[in-house]
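Working notes for the structure below.
Just so you know, all these numbers are worked out from the coordinates, no wet-lab data involved. Computed from a predicted model, the values in this text were never measured in an experiment. Ideal geometry is used to build each Cβ from the backbone, glycine not excepted, and the neighbour counts take in all protein chains shown.
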């Protein structure tokens, strides 16, 4: 069903927007294989439930109301999605559904993290993405080992910060004592 919704986005962009041609003329000017593809997508759209069609209309209205740059980004993402293998698309859709099932606060946090990754230096971004791919390949035991190592390092940094604070406080006390002694 999600694939059908995404297909509708493609349908919205599949035909060139030429005001002087009717939809039928544009359709007839397409190559036969593209016409067949669009007929298949039309059948998919017809098979949607009224609720799904309403959701699709809502999504298309939202797309139409976006600034041109955002709309272009959606189109580029959709085109990349279409170029994926069926298995990759299924994985993306599965992860999207997992994301949608998260609490709103967690989704907001993940969006913010993604924004930071996407706005980072390209070399840093490549490293982050590679780390994410490595994480995905790890077994649960390996992940837990990494988490434990991270917790230990974080605790060690906290202890070191606390030591530095204590050292600074000790030096301040010594300076105050020195000033009182003069």
Fully extended contour minus Cα-Cα distance, from residue 159 to residue 137, at 0.36 nm per residue
4.7 nm
Once both label points are put 7 Å beyond Cα along the C-beta direction, the residue 113-residue 27 separation in nm becomes 4.6
Relative to the longest principal Cα axis of the chain, at what angle does helix 50-65 sit, 0 to 90 degrees, rounded to 10?
70
Computed, not fitted: 222 nm per-residue ellipticity of the chain from DSSP H runs ≥ 4 (each -39500 (n - 2.57)), nearest 500, equal to -28500 deg cm²/dmol
Between residue 149 and residue 68, what is 0.36 nm times their sequence separation minus the Cα-Cα distance? Round to one decimal in nm.
24.6 nm
Taking R0 as 45 Å and r as the Cβ-Cβ distance between residue 166 and residue 129, the FRET efficiency 1/(1 + (r/R0)^6), rounded to the nearest 0.05, comes to 0.70
Subtracting the Cα-Cα distance of residue 61 and residue 106 from 0.36 nm times their residue separation yields 13.5 nm
Modelled FRET efficiency - R0 45 Å, residue 97 with residue 175, Cβ distances, 0.05 increments:
0.15
Considering Cα pairs under 8 angstrom that are at least six residues apart, work out the relative contact order of the chain and quote it in whole percent.
16
